[in-house]
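Right, one structure below, let's go through it.
The values are calculated or read from the model by the stated rules, or taken from the named source; none is laboratory data. Nothing here was measured: the structure is a model prediction, and the numbers come from that model. Note that each Cβ is placed from the backbone with ideal geometry, even for glycine, and that neighbours are counted across all protein chains shown.
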Amino acid sequence: MFLSSYENKLDKKGRVSVPANFRSYLSNLGYNGIICYPSFNNQSIEAWPQDRIEKISNTIDSLNPFEEKRDFFATSILSESINLQFDGEGRISLTPKLLKHSKIKNSILFVGLGKTFQIWEPTAFEKFKANAKKKSNLNRASLKWEHQFNK
C-alpha cells in the first residue's frame, strides 16, 4: 500500500524522485511508472497504478453511453491522464500542465492514500490536511469496522 508522506525536491527539468517504497510497491504490481492526472477534487495530482486507472475506466464505460456524466468523468479523468515512466534513477517528469494545476514550484509532497497516492505542493497539503482532519472527526461514525474484521 501507499502509506505516509514524503517530501522531495523538483529539479530544473521537472523531474522528481518517487519515494523508494512507492516504487517498490508499484514494481511488485508489475509497473515501472504511474498514471497521473490533475485532481478535480483539489489542487493535487492523482497518481494511480495502471490497474486502478483501468478500473475507473471500466466504471466509466459501465455508465449509459448517452449520459452526460459518462463524458464528464472520461474528460475529467481519462483525457487528462498521462503515463509517467520511472527513469533509471526512479524519477518521473511531471508535465507543465500537472505542475501548473498543483502550483508546485520546488518541493513536492507524496501523500499515500492506500491504493493510490497524491502529489501536492507541501503548504497547500497542510491546509487541506487540517480541513480533512476536522471533517474526519465530524464523520468518524461513518467508518464501520465490524463487517470488515468479522469475515
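Assorted remarks:
- When the criteria are applied in full, SER142 meets the requirement of being modelled with pLDDT under 95, over 22 Å from the mean Cα position of the chain (by Cα), within 27 Å of ILE53 (Cα to Cα) and not charged (D, E, K, R).
- Qualifying residues in the stretch 104-118 (those that are within 13 Å of the chain's Cα centre (by Cα) and not aliphatic (A, V, I, L, M)) - the one surrounded by the most Cβ atoms within 10 Å (Cβ to Cβ): PHE117
Here is a yes/no grid of residues against (1) modelled with pLDDT of 95 or more; (2) surrounded by fewer than 16 Cβ atoms within 10 Å (Cβ to Cβ); (3) under 15 Å from GLU89 (Cβ atoms); (4) touching a Lys or Arg at 6+ places or on another chain (Cβ under 7 Å):
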| site | (1), (2), (3), (4) |
| --- | --- |
| LYS9 | yes, yes, yes, no |
| GLY14 | no, yes, yes, no |
| SER17 | yes, no, yes, yes |
| ILE45 | yes, no, no, no |
| ARG52 | no, no, no, yes |
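- Counting only helices (runs of 4 or more DSSP H) that fall entirely inside the stretch 90-151 and contain at least 2 residues that are touching a Gly at 6+ places or on another chain (Cβ under 6 Å) and touching a residue at least 60 places away in the same chain (Cβ under 8 Å), no element qualifies.
- In the stretch 54-89, the residues that are in contact with a strand residue (DSSP E or B) (Cβ under 6 Å, 6 or more places away or on another chain), in a loop (DSSP other than H, G, I, E, B) and not aromatic (Phe, Trp, Tyr): GLU80, SER81
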